[in-house]
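The values are calculated or read from the model by the stated rules, or taken from the named source; none is laboratory data. The structure displayed is predicted, hence computed values, not measured ones. Ideal geometry is used to build each Cβ from the backbone, glycine not excepted, and the neighbour counts take in all protein chains shown.
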Amino acid sequence: MRLAVLSISLAALLTCFSQPTLAQNFAPHWRFAKGDVRTMRVKLEQTIDQTVRGRKQQIKQTIEEVLAFTASGFDAQGNATISVRYESVSLHSDSPTGTVNYDSTQPAQPVPPMIGALAALVGQGYELRVSPDGRVIAVSGLEKLLAAILAKLNVPDGPARTAVEKTLRQELNEQNLQSNLQNIFAPFPGVPVAVGESWTRTGKLTLGIPLATESTYKFTGRQGQIATIEVSGTCSAPPGASVDLGPMKMIYELHGQLHGLMEIVEQTGWTRHSQTTQTLTGSATIRQPNGLVETVPVTIEARTQIEQTAGL
């Protein structure tokens, strides 16, 4: 069960109080006004190749979320409180077990049981606090969000529901969401940087599997008011990273590279568009309830696209 909270994951809001003159160096800050609304489309495409008992298998999955971010208030330090709402979700999956399609904008569609938690996100939300320098400093309202999802979950009591709830609690906790959101917010350098200069950030990312990342951002230039940032780095699953699949457990050992490009509106600090690709190789160890253990080679390619669709 993946929520791609990528997914849940997603980025920010804002209109500037003023229109500052662009400097030669890159030195943006978030600028909000109460009531500002921004809508973002976040799309995650994954291809997983694995070999199980000598047979090659491929799983392809696309998850898309549309989220609305509304600036609802500020504290004395200038930190903004942002309300986040899931406007729509969709999923397409092809695997050896079949094809699954779902789009919340087509309400007549039945909800496949395997994606009930994803479908239940629509209309729900949470709040976050963002500092003027773009740091996500707090996420709240997650227990209410979790309760709303569980109330709509069409999974009977038993081991399967217990496993789903455990996965949801892992993904919808403050630390995990805060890390995912911080990866989507523009990675400000903290000091002015000139064209060609770089800065590095470490962080966490969840693509159904927890990943540790180290990314280098390079300011490559600007066109008008849009700054272009080149992204490169490494990503890996920390030791013991695992996913519970009901009675089974999968433990991952993965390492790889990431690269991408971001376009940032310098006057607001808002990410207009970004695209990042992660490629991971390694293995997954499957632990069955009967004690059987099997290790299979795995390759994962994931591409995340973020685009502001309203509030430009």
query: Given the conditions (1) at pLDDT 90 or above; (2) among the β-branched types (V, I, T); (3) closer than 17 Å to N173 by Cα, which single one is not true for T99?
result: (3)
- prompt: Regarding L205, is this residue touching a strand residue (DSSP E or B) at 6+ places or on another chain (Cβ under 7 Å), within 24 Å of V265 (Cα to Cα), in a helix (DSSP H, G or I) and among the aliphatic types (A, V, I, L, M)?
  reply: no
message: Considering only residues that are modelled with pLDDT of 75 or more and assigned to a helix (DSSP H, G or I), which ones fall in segment 151-160?
response: A151, K152
task: Go through (1) over 17 Å from the mean Cα position of the chain (by Cα); (2) part of a loop (DSSP other than H, G, I, E, B) and name the single condition Y252 misses.
output: (2)
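Among the residues of segment 188-206 satisfying the criterion of being surrounded by fewer than 21 Cβ atoms within 10 Å (Cβ to Cβ) and at pLDDT below 90, which is farthest from S83 (Cα to Cα)?
Step by step, filter segment 188-206, then rank; the result is V191.
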- request: Can you run down the residue pairs with Cβ atoms below 8 Å, 6 or more apart or on separate chains, where the first is in segment 67-83 and under 28 Å from S104 (Cβ atoms) and the partner is among the acidic types (D, E) and assigned to a loop (DSSP other than H, G, I, E, B)?
  value: T70/D36; A71/D36; T81/D75
statement: When segment 255-295 is checked residue by residue, the ones that are in contact with a Cys (Cβ under 6 Å, 6 or more places away or on another chain) and part of a loop (DSSP other than H, G, I, E, B) are Q267, T268
field: Set S215, S274, S232, S236: member being touching a Ser or Thr at 6+ places or on another chain (Cβ under 9 Å), buried (at least 17 other Cβ atoms within 10 Å of the Cβ) and either over 23 Å from K60 (Cα atoms) or aliphatic (A, V, I, L, M) (or both)
entry: S215
query: For the subset of segment 40-57 comprising residues that are crowded, with 16+ Cβ neighbours inside 10 Å and among the hydrophobic types (A, V, I, L, M, F, W, C), which member is nearest to V293 (Cα to Cα)?
result: I48
message: Consider segment 111-165. How many of its residues are polar (S, T, N, Q), surrounded by fewer than 17 Cβ atoms within 10 Å (Cβ to Cβ) and within 19 Å of the chain's Cα centre (by Cα)?
response: 1
- request: Evaluate segment 87-99: report whether one residue or more is of a type in the set (A, V, I, L, M, F, W, C), touching a strand residue (DSSP E or B) at 6+ places or on another chain (Cβ under 8 Å) and over 30 Å from T295 (Cβ atoms).
  value: yes
- request: List every residue pair whose Cβ atoms lie under 6 Å apart, where the two residues are 6 or more positions apart in sequence or sit on different chains, the first residue falls within segment 160-179 and is within 26 Å of P289 (Cβ to Cβ), and the second residue, located anywhere, is assigned to a loop (DSSP other than H, G, I, E, B).
  value: A160/G246; R161/V155; A163/G246; V164/M1; V164/V155; T167/M1; E171/L3
